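Report on one structure; see the data block that follows.
The values are calculated or read from the model by the stated rules, or taken from the named source; none is laboratory data. Quick caveat: nothing in here was measured; it's all calculated off a predicted structure. Please note: Cβ atoms are built from the backbone with ideal geometry, for glycine as well, and neighbour counts cover all protein chains shown. Side chains are part of the model used for accessible areas, which takes the heavy atoms of the whole protein and leaves out ligands, DNA and RNA. Shrake-Rupley method; radii C 1.70, N 1.55, O 1.52, S 1.80 Å.
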Amino acid sequence: MLFMEIRRIYADHAATTPVTAHARDAMAPYLAMRFGNPSALYRTGRNARQALEDARGEIAASLGAATDEIFFTSCGTESDNWALKGLAAQNPARRHIITTAVEHHAVLRACDSLRRFGWEITVLPVNGEGRVDPESVRQALRDDTLLVSVMAANNEVGTIEPIAEIGQICRAAGVPFHTDAVQAAGHLPLDLKTLPVDLLSLSGHKFGAPKGIGALYVRRGLKIAPLLDGGGQEHGLRAGTENVAGAVGMAVALADAVNSIPAETARLSRLRDRLIDALCACGGVTLNGSISSRLAGNIHVSVEGASGSRLLAALDRRGIAVSAGSACSAGNGAPSHVLAAMGVPPERTACTLRLTLGACTTAEDVASLCRIVPEEVAKARK
Ligand code: PLP
């Protein structure tokens, strides 16, 4: 809990993560003396340009990509929108897009937007664990399919999707494949030298970089139209003065996260399983999502007889930050589209709790969670 101002337990790493000390230190000069605009031609500008290009190279290396395949954006939402709308604008004759029912709204609402402009969207179902069947992708492909977009890992239930198999099917059909890797980058190995992915979205604040910086990987040779018009930044494809400090922080945070994937996956899976056992011991608790193909830090449960939002508030009063599922935390009360797509019955969707562990989670935190969460569940059921 080094990062927290007061003693709290943070168990919402899928929402955002604290900025690592390494990223903060690397960024500091670019928020102070090295503040130049990377498009400026004098030394301060040239230094900022150099830092930006070094960051691009480091991010490319962390993903097994080439430097000129990485484009900086402001967030995962922008990367997702740009991948879909940019490819659609570049290829207006190809009118069909395939995606899934469990994508983040950044993808689903970009698809809604394209539907209004005449694109036809096939939304693939998932099984009870939230997994897409690669065979369903093959069957949905058409001669006019523009793109297939399937997320690498789900933000609510943590299910890991079979993107390597789906990518192979797309490649064999000559159809570009986009993956929203916002929850996967820095947490799952992603090697674009071997992974058949053409467009990949990532967002810095999910792995220890600040909010407001993201990236889109675009495989060399694939053309997409810009989303923003303006200056000639990012090879004329993404106008707007670059977030140099953010890019520097994202490069450092991603490299550190990727290097620690093997150790962190083992450590967090152990802590996660301990917590799942403690929650299931309450009785009437069901784990949502896949058991075997799941992000190491994700716990998503339905707690029979308790309201998710009331549990969230009770845990908050005890210094614990968790999520009640994306819809509840947004306060709109609508059931989660992810759980609905998985066929979770309505009585199990209003009582969900998501705890996501990450780099700042300690064994002591999990010991406290194993004690406090069941206490609050028992109180909520009275
Ligand atoms: N895609 C997924 C899977 C996410 O989990 C999120 C954020 O939670 C996003 C996209 C949007 O990313 P950002 O918050 O950087 O816009």
Over all viewing directions the Cα convex hull of region 74-211 casts an average projected area in nm² of 7.9
What does the charge dipole of region 244-295 about its Cα centre add up to, to the nearest 20 debye, if the Cβ of each Lys and Arg holds +1 and the Cβ of each Asp and Glu holds -1?
-> 100
Please list the non-local residues whose amide H lies under 5 Å from the amide H of Ile320, H modeled 1.01 Å from N, same-chain partners needing a gap of 5 or more.
-> Ile9
5 angstrom amide H check on Asp12, placed H, neighbours 5+ away | Thr356
DSSP beta bridge pairing in the chain, given as percent antiparallel to the nearest 5 = 55
Can you pull the one-decimal nm distance between simple spin-label points at Gln168 and His105, each 7 Å off the Cα toward Cβ?
-> 3.6
Round to the nearest 10 and report in Å² the accessible area of His96, as given by a 1.4 Å probe over the protein chains' heavy atoms.
-> 0
Along the charge dipole of region 1-116, Cβ charges K/R +1 and D/E -1, which of Ala110, Thr99, Ala60 sits furthest on the positive end?
-> Ala110
At 1.4 Å probe size, with no ligands or nucleic acids counted, give the accessible surface of Asp198 in Å², nearest ten.
-> 20
Is the shape of the chain best called rounded, prolate or oblate, per the rule: a/c under 1.5 gives rounded, else a/b larger than b/c gives prolate, else oblate, with a ≥ b ≥ c the square roots of the Cα gyration tensor eigenvalues?
-> oblate
Semi-axes of region 246-382 from the Cα gyration tensor (sqrt of 5 times each eigenvalue, largest first, whole Å) come to 26, 18, 15
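Evaluate the charge dipole of region 43-135 about its Cα centre and quote only its size in Debye, nearest 20, assuming +1 on the Cβ of each Lys and Arg and -1 on the Cβ of each Asp and Glu. Walk me through the numbers on the way to the answer.
Working: 11 positive and 13 negative charges, 103 e Å.
Result for region 43-135 is approximately 500 debye, rounded to the nearest 20.
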Simple spin-label estimate for Ile291/Asp68, 7 Å along Cα→Cβ, in nm, reads 5.0
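With an 8 Å Cα cut-off and a minimum separation of 6 or more residues, compute the relative contact order for region 1-74 in percent.
13
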Note: probe point = Cα of Ile261 + 7 Å toward Cβ; backbone nitrogen < 19 Å; residues of region 71-100 passing the test are 71
The answer for the net charge of residues other than Trp119 whose Cβ lies under 11 angstrom from its Cβ, with Lys and Arg +1 and Asp and Glu -1, is +2
Exposure of Lys85 as accessible area (Å², to 10), given a probe of 1.4 Å and all protein chains | 60
What is region 131-259 by shape, rounded, prolate or oblate, if you read a ≥ b ≥ c off the alpha carbon gyration tensor as root eigenvalues and call it rounded for a/c under 1.5, prolate for a/b larger than b/c, and oblate otherwise?
-> oblate
In whole angstrom, note down how far apart the Cα centers of region 97-113 and region 126-143 are.
-> 14
The chain: relative contact order as a whole-number percent, Cα under 8 Å and 6+ apart | 23
